[in-house]
Amino acid sequence: PQRIYYLSLEFYMGRTLQNTMVNLGLQNACDEAIYQLGLDLEELEEIEEDAGLGNGGLGRLAACFLDSMATLGLAAYGYGIRYEFGIFNQKIVDGWQVEEADDWLRYGNPWEKARPEYMLPVHFYGRVDHTPEGVKWIDTQVVLAMPYDTPVPGYKNNTVNTMRLWSAKAPNDFNLQEFNVGDYIEAVLDRNLAENISRVLYPNDNFFEGKELRLKQEYFVVAATLQDIIRRFKSSKFGCRDPVRTCFETFPDKVAIQLNDTHPALSIPELMRILVDVEKVDWDKAWEITKRTCAYTNHTVLPEALERWPVSMFEKLLPRHLEIIYALNQMHLDRVAALYPGDIDRLRRMSVIEEGDCKRINMAHLCVIGSHAVNGVARIHSDIVKNSVFKDFYELEPEKFQNKTNGITPRRWLLLCNPGLADVIAEKIGEGFITDLSQLKKLLDFINNETFIRDVAKVKQENKLKFAAYLEEQYKVKINPSSMFDVQVKRIHEYKRQLLNCLHAITLYNRIRCEPSKSFVPRTIMIGGKAAPGYHMAKMIIKLITSIGEVINNDPYVGDKLKVIFLENYRVSLAEKVIPAADLSQQISTAGTEASGTGNMKFMVNGALTIGTMDGANVEMAEEAGEENLFIFGMRVEDVEALDRQGYNARVYYERLPELRQAIDQISSGFFSPRDPGCFRDVVNMLMYHDRFKVFADYEAYIKCQGQVDQLFMDPREWTKKVIRNIACSGKFSSDRTIMEYAREIWGVEPSATKIPPPNLPRD
């Protein structure tokens with residue numbers, strides 16, 4: 001069969017034990033066995049460390065995709081890096097984020113199997129020699145890539161795929177070559193330099209940091225993986241009589257490489273290098289093979305996230321790849337020039353090489369010219385990709401551009417994390433939805449069924465009680481379980497607008513203070529997420545959230561009408577606890593900035609209602625469930641563009657809206673930071689004078705929309721009916737559907753629903 005290779009620098013897997021039991025259909029048996037030993041399986045599950053080899057959406061998407069590819073019976077492999085240290089653990093000290101290293105391998109990892117027999121060399125530095133026999137890359141430094149395999153089981157289909165993660169090892173002669181005569185000890189200690197490549201995950205989400213170690217990581221995973229792919233291609237007989245295959249004509253029919261963002265973009269020049277320099281394939285033929293093999297998924301439109309590597313760094317680290325990129329770019333620009341004679345500006349815009357004080361390689365442009373398919377991750381995002389980010393490329397080859405709306409695996413994000421809800425659903429419509437989430441549509445028949453309404457509400461209340469108990473046990477915070485659980489969990493970023501949420505919390509607080517006797521809908525506002533360690537504004541936002549909580553939670557006038565909680569160390573295993581307990585899901589990015597979002601989908605399938613902007617997949621969620629069944633507010637993409645043309649002036653809103661002005665004045669005056677009144681001046685200054693994400697422009701609509709949320713929450717029956725309608729309409733957002741679209745429309749393979757026979761039965 002055609003093999004699918006999903007290349008990603010991040011796989012945010014979380015815990016594996018319960019997921020393995022669920023997919024193998026062993027959970028009840030294990031539960032019972034452990035119970036008979038006088039142990040509690042849930043207690044055991046809490047001991048496992050998260051595999052935190054990702055930052056957020058992009059890395060978690062890769063993990064969901066692995067689950068779906070195995071469940072759909074695809075011959076798929078996930079390839080990445082086995083980071084010794086994953087995403088940092090977040091501690092909150094005095095209200096500030098403090099990072100500590102995530103030593104997740106400290107007690108070993110029972111799920112991985114080292115494969116030293118498949119160890120491969122990866123080359124760096126050196127120089128290029130052009131000889132009559134061809135091009136040679138010589139005098140390189142070698143680092144060894146040691147593979148570690150983790151099994152990826154499909155859901156009850158006896159399929160187990162592989163995630164292969166590479167770890168860097170120094171060769172035994174490292175730094176002990178002839179020129180290094182004396183210092184043996186020093187040379188052995190220097191092995192660390194090579195092995196640092198797989199030491200730590202870069203903790204940036206949606207931000208490019210052009211560090212040499214990161215470029216080494218990107219080439220390391222690509223070079224090791226491509227050698228593995230080609231080894232497997234050559235050794236497979238594919239019904240062909242050659243003992244070893246040397247003809248690469250059929251390569252794209254047997255191999256599909258999916259690039260998860262531009263991080264593995266070096267696959268394109270590396271595949272060219274292997275085909276041309278090593279396998280002696282003709283250049284044009286090699287280029288055709290490369291393009292037919294590779295496909296690229298774009299994950300963001302934020303300019304600061306795009307990878308633009310200095311040419312000088314390439315020259316030193318990967319000299320042959322730089323030559324290949326120059327040649328590919330020349331070929332590409334010749335074609336553009338022929339089609340658009342005299343359009344010099346178009347050539348500049350479309351070049352892979354950006355001229356300027358520091359020449360840079362635009363990795364996204366390299367991916368677009370080197371792939372046969374380019375996709376965005378939600379319809380609105382794919383439209384932005386075609387109409388602005390890659391507009392010139394779309395005009396050149398419109399057939400290349402596709403949309404593949406993201407999804408989430410219903411195994412982890414419904415069955416595993418919310419067994420109570422999965423049970424009441426299965427009671428009504430059977431278990432088919434687990435592998436065909438569109439079957440949730442059948443729940444529309446039960447929207448007015450009183451027992452079903454009661455059961456769904458009861459499960460939510462039990463989940464809330466359980467999460468409240470967890471919060472009290474872990475963090476010693478007491479919350480009111482009958483309050484509305486209003487949740488925003490995601491990486492802290494200005495574009496995600498946690499600040500808008502803060503302004504609502506302050507406004508609510510001021511209203512309660514103003515009329516203490518009035519009845520309010522009680523809320524527990526929970527905000528969680530990590531800030532990149534070098535992102536000053538994001539760290540200030542965390543400090544602001546904790547400071548607001550300090551004031552509100554200790555004000556006797558407020559009581560349990562309002563609480564603001566910062567959820568420390570948000571990660572996959574915490575998401576599995578908080579999402580099933582949420583009533584309200586906040587998805588409030590500025591329209592046109594969140595490519596898709598996937599947390600939004602997890603909340604929807606788990607029975608929370610969404611307050612959000614028309615951004616990312618929210619647009620399609622509203623389309624599926626009906627806009628009236630979400631709380632949609634604020635500017636659309638067109639409004640944001642209009643405001644940009646007109647010029648956004650925050651002061652106008654500050655002057656016009658008294659509640660907004662009061663909130664900003666409180667932050668600014670030190671009301672929330674009495675011991676350091678100037679603490680938040682950077683935040684206020686940003687909001688007033690250089691807010692790229694226009695928080696104030698959506699404030700009024702947001703507050704009004706939150707009022708509608710309160711109104712509906714006071715009518716539990718109507719609220720639960722909307723919840724049921726949302727769950728019933730969430731079927732599109734299964735990663736199974738997403739992967740079926742990738743398989744048919746990009747990789748050219750058909751997923752198979754056939755269950756292969758278990759190992760204890762003879763095969764047909």
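The values are calculated or read from the model by the stated rules, or taken from the named source; none is laboratory data. As the structure is a computational prediction, the values presented were derived from the model and not from experiment. FYI the Cβ positions are ideal-geometry reconstructions off the backbone, even for glycines, and counts take in every protein chain you see. Side chains are part of the model used for accessible areas, which takes the heavy atoms of the whole protein and leaves out ligands, DNA and RNA. Shrake-Rupley method; radii C 1.70, N 1.55, O 1.52, S 1.80 Å.
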Inset, instruction - Of the listed pairs LYS91/LYS478; LYS428/LYS478; LYS460/LYS518; LYS458/LYS563; LYS113/LYS732; LYS732/LYS755, which have alpha-carbon separations greater than 30 Å here? - result: LYS428/LYS478; LYS113/LYS732
Inset, instruction - Towards the positive end of the charge dipole of region 311-419, with charges on Cβ (+1 Lys, Arg; -1 Asp, Glu), say which of GLN330, VAL377, PHE401 has the farthest Cα. - result: VAL377
Legend entry - Antiparallel DSSP beta bridges within the chain, percent to nearest 5: 45
Legend entry - Nearest 10 degrees, 0 to 90: helix 716-728 Cα axis against the chain principal axis: 10
Legend entry - Coordinate range along principal axes, alpha carbons of the chain, Å, largest first: 89, 66, 59
Inset, instruction - Provide the FRET efficiency to the nearest 0.05 for the GLU209-ASP173 pair, computing r from the beta carbons and using R0 = 35 Å. - result: 0.60
Legend entry - In nm, spacing of pseudo-spin labels at ARG675 and ARG744 (7 Å Cα→C-beta vector): 6.0
Inset, instruction - Could you compute the FRET efficiency for GLU628 and ARG127, with r as their C-beta to C-beta distance and R0 at 60 Å, rounded to 0.05? - result: 0.40
Inset, instruction - Round to a whole angstrom and tell me the spacing of the C-alpha centers of region 495-566 and region 275-323. - result: 46
Inset, instruction - First compute the accessible area of region 419-730 with a 1.4 Å probe, then give the percent of it belonging to carbon and sulfur atoms. - result: 50
Legend entry - Å² of accessible area per residue within the chain, as computed with a 1.4 Å probe and no ligands counted: 40
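On a full-extension model of 0.36 nm per residue, what is the gain between ASP423 and GLU43, subtracting their alpha-carbon distance, rounded to one decimal in nm?
Here the segment from ASP423 to GLU43 would lengthen by 134.6 nm.
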Legend entry - Karplus-derived HN-Hα couplings along region 45-50 (A = 6.51, B = -1.76, C = 1.60, θ = phi - 60°), whole Hz, x at Gly and Pro: 4, 5, 6, 5, 6, 5
Inset, instruction - Just grab the label-to-label distance for ALA29 and GLU186, each label 7 Å out from Cα along the Cβ direction, in nm (one decimal). - result: 6.0
Legend entry - Reachable aspartates and glutamates from LYS704, criterion Cα separation under 14 angstrom, eight or more residues apart if same chain: GLU659
Legend entry - Amide hydrogen neighbours beyond the local backbone of PHE85, cut-off 5 Å, H modeled: VAL200, LEU201
Inset, instruction - Give the carbon-plus-sulfur fraction of the accessible surface of region 173-320 in %, rounded to a whole number; probe 1.4 Å, heavy atoms of protein chains only. - result: 54
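Normalised by the residues of the chain, what does the relative contact order come to in percent, with Cα pairs under 8 Å and at least six apart?
Details: 1367 pairs, mean separation 108.4, N = 764.
Reported relative contact order: 14 percent.
Given a Förster radius of 25 Å and the C-beta distance between LEU712 and ASN553 as r, what FRET efficiency does 1/(1 + (r/R0)^6) yield to the nearest 0.05?
Given R0 = 25 Å and the Cβ-Cβ separation, E is 0.45.
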